[in-house]
Every structure is written in C-alpha cells, then in structure tokens.
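Presented below is the structure to which this report refers.
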C-alpha cells in the first residue's frame, strides 16, 4: 500500500485539524499514514523565531484562531486555543516516539490532540498524559521510563533533524515516497492525490 | 449584488493565483468583486520584516515556488518566479488606484499579474506598464500623470493603512461586508461561501 508521512508537533494548531481527519481520507485513498512526530521549536529557532509565529505576530495569531474556528466548525470539531499557548509538547512527543516504535501512535496522537484542543487539558502535565495512556491500555510507569531513556530522547532529536533535512519549516507537513513536500492541513487532499498519481 | 473585497499586492505570488480565477468563481457565486490594491511592504515592516517572508526564509521560499508550481500546473496556468523577486510593485499599484477610480481595474490587474508571473516581464519598468496600458486602450502619458499626483500617492498610502486596520497581514486577503477576513488563495471558496450564507 502506498504511504504518506504525516509530520506534526503536538503544539501545532493546524496539525490538530489534520490529525482528526487524516485516517478516513487516507483510507478512502488507499494510502497508509506514517506518523512522524517532531519538534517545531528547533525548526523555528533556525528561522530566527524564539516562539510560535502566531505569538511573534499577534495579528496573524488572531487570524489563525478565527480561521481554524471556521474550519473546525464546518467539520463539527471543537477547537479552543490552549492555555498556555503554544503548549509544551516535549513530553508528549517523547511518548509518541515510543508509541511509534510499539505500534500505537495513531490512537495516541488523536487522544493528545483532542485533550489539548477540544478538552483544554495541559498536555505538558504528567497527570493528563498518564490518563491518556491508561485510557489506551498502557502502563504509565512503563511508558514514562521508556520515553525518558537517552536513546529515546536522541531518537526525537534525530527525527527533528530529519524534518529540517526534508525542507520542513512548519506543521503539519506531508512527505511522499518520492520526496514531494506539502505544507498545511489545506494541502492534505493534494498530498494524497500526489501519492495516488 | 453581494460584494467581496479582494486585497492584493502585485508582488504577491499567491495573489496571482487568485487574480486569474476570482472573476469566474465570483460570477458563479453571484458575488461582485471589489478590487483593493495595496502595498505589503509597510505591512511586513510592521511585522519586523524588511523583505518578503519568502526571501527572509529561503526554505519557505523554495516551498512556495513548488507549491504554486503544482497548483498553477493543475489550473493550466504558467508560473515563473520573477526576477527580481519580489517585484517592485509601487508603480503598478499607483496606476491601479487610478484604474479603480476609472473603472478598468479588473483587466488591468490581470494584465499586470500575467505580465509578471507568466511572461516574466519586469512590472517596475515604465515600458512594460505603458504597453499594458496601451493594450487596454488607455493613454500611457495621461495615466502616468494621474498616477503621480500627490492625491493618488496619498490614496495608496491610505489604502495600505486601511489594510492594516482590517487585520490584513498578507495577500491575497478577502474581506466581507460584515468584516470577516480570509487569507490566501486557498480560502477564496470559503470567503465566497461566507458572503452567500
């Protein structure tokens, strides 16, 4: 089955939109989704930004909230800007690397995004992450240990370096097997069509 | 007939995509297009940028060229990045203010965008602008005089200040009669649907 890479940071608002719809769209297109969690922070830093572009440019930040509010409304999705914004996504991203290796990243990804943007939970909180893990049938203590190993931390750093090498500068991003890059939830349909050409 | 404002800078690559398709889409939706040329330079300067975001961030600039290339290809449109990039759009924008007042801004806008992004002409060149004006049946000498008056220059400055007041931070942008703002060629359909609600 052809594959598409879905690159995202849990702090990314537009990645939430994608996470909540990519599975049915990819399934309908006969495409498998390869989840690629990474960290936007180092990517933005290389662009000279010390925070989210939506914080650095408040006019753009206000527009983003309205834009996503309209789109989420049309899709029947709840959407709130989390507090703090952007959320600290490091802990969730490290767990996602474990989830990817163990084969449960798809439901974990959706659960984290829903907790953050629909249920207004703080995804930097150990309590919140533990509840998500328990809900998915995983032992929080075991996952916490696995996500905190030097190897797992290094894996996330390498993943983020790989994102930069692929030309990724924001999230969500989609990369095809032949190296074609698409940026933004509004390019998901184009990316799937590219894979199916 | 309901109306939509189309805000654009002639140097804006994504505004080219919109300029070449907004009339048939608006017509099909029963919406009139109000052309609103303005200058992105002062808007970007307020964001701390001294040039186009696509020049300030070359990784994003390369992606933009590829993204528009894909979309233009799918629409049967020729697209080249102009040289220099971004183009100097001040002279064309001043003429556009005259064209707006005199009622021929629609064909002028398309002619300038096509000269810049399809025919690779330098739209800062008086020769190129004069050829466009002659082709549309206007006297270049008369238009040059009208576009260079202090009143016309002030009108363009006020237009750009109005853009900032509406929350516009990039182009193309669409503003509805009830003040709803949409940003990007990929939001044109949403903006037209909003007007028709």
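Restricting attention to the protein assembly as shown, close to 55% of DSSP beta bridges with both partner residues there are antiparallel.
Build a GNM of chain A with springs between Cα atoms under 10 Å apart, and of A:147, A:125, A:12 the one that fluctuates most is A:125. Note: relative contact order over region B:27-162, using C-alpha pairs below 8 Å and six or more positions apart, is 28 percent.
Out of all DSSP beta bridges with both ends in region A:3-195, state the antiparallel percent to the nearest 5.
55 percent
Here the sum of -39500 (n - 2.57) over DSSP H runs of 4 or more residues, divided by the residues of chain B, equals -17000 deg cm²/dmol at 222 nm, to the nearest 500. Working from label points 7 Å from Cα in the Cα-to-Cβ sense, the residue B:177 to residue B:51 distance is 4.3 nm.
Think of the axis that spins chain B onto A; the B residue whose C-beta lies nearest it, and the distance in whole Å, is B:186, 2.
Chain B gives an Rg/Rh value of 0.94, both radii derived from C-alpha positions and Rh following Kirkwood. If you run the Gaussian network model on chain A, springs between alpha carbon atoms under 10 Å, then out of A:39, A:90, A:181 the most flexible one is A:181.
Computed over the protein assembly as shown, the P(r) tail beyond 30 angstrom holds 45 percent of alpha carbon pairs.
What is the Cα centroid distance between region B:66-137 and region A:1-55, reported in whole angstrom? Their Cα centres are 35 Å away from one another. Annotation for residue B:165, label-to-label distances across the other copies: 5.2 nm (shortest first, one decimal, point 7 Å from Cα along Cα→Cβ).
Would you please give the FRET efficiency between residue B:120 and residue A:151, computed as 1/(1 + (r/R0)^6) with r the Cβ-Cβ distance and R0 = 51 Å, to the nearest 0.05?
For residue B:120 and residue A:151, the calculated efficiency is 0.45.
Position residue A:179: other-copy label points at 4.9 nm, ordered by increasing distance, label point 7 Å along Cα→C-beta. Taking a ≥ b ≥ c as the square roots of the Cα gyration tensor eigenvalues, with a/c under 1.5 meaning rounded and otherwise prolate when a/b beats b/c, else oblate, which class fits region B:55-99? Oblate. For the pair residue A:29 and residue A:196, label points projected 7 Å from Cα toward Cβ lie 0.8 nm apart. If you put a point 7 Å past Cα along the Cβ direction, how far is that point for residue B:74 from the same point in each other copy, in nm, smallest first? Copy-to-copy label distances at residue B:74, shortest first: 1.5 nm.
Highest mobility in the GNM of chain A, judged by mean-square fluctuation with C-alpha springs under 10 Å and restricted to A:54, A:174, A:117, is found for A:54. For a modelled paramagnetic label at residue B:65, 7 Å from Cα along Cα-to-Cβ, the residues of region B:75-111 in reach, with backbone nitrogen under 18 Å, are B:78-88.
FYI, it's all coordinate maths here, none of it is from the lab. Note that the structure is a prediction, hence the values are computed from the model and not measured. Virtual Cβ from ideal backbone geometry, glycine too; neighbours counted across all protein chains shown.
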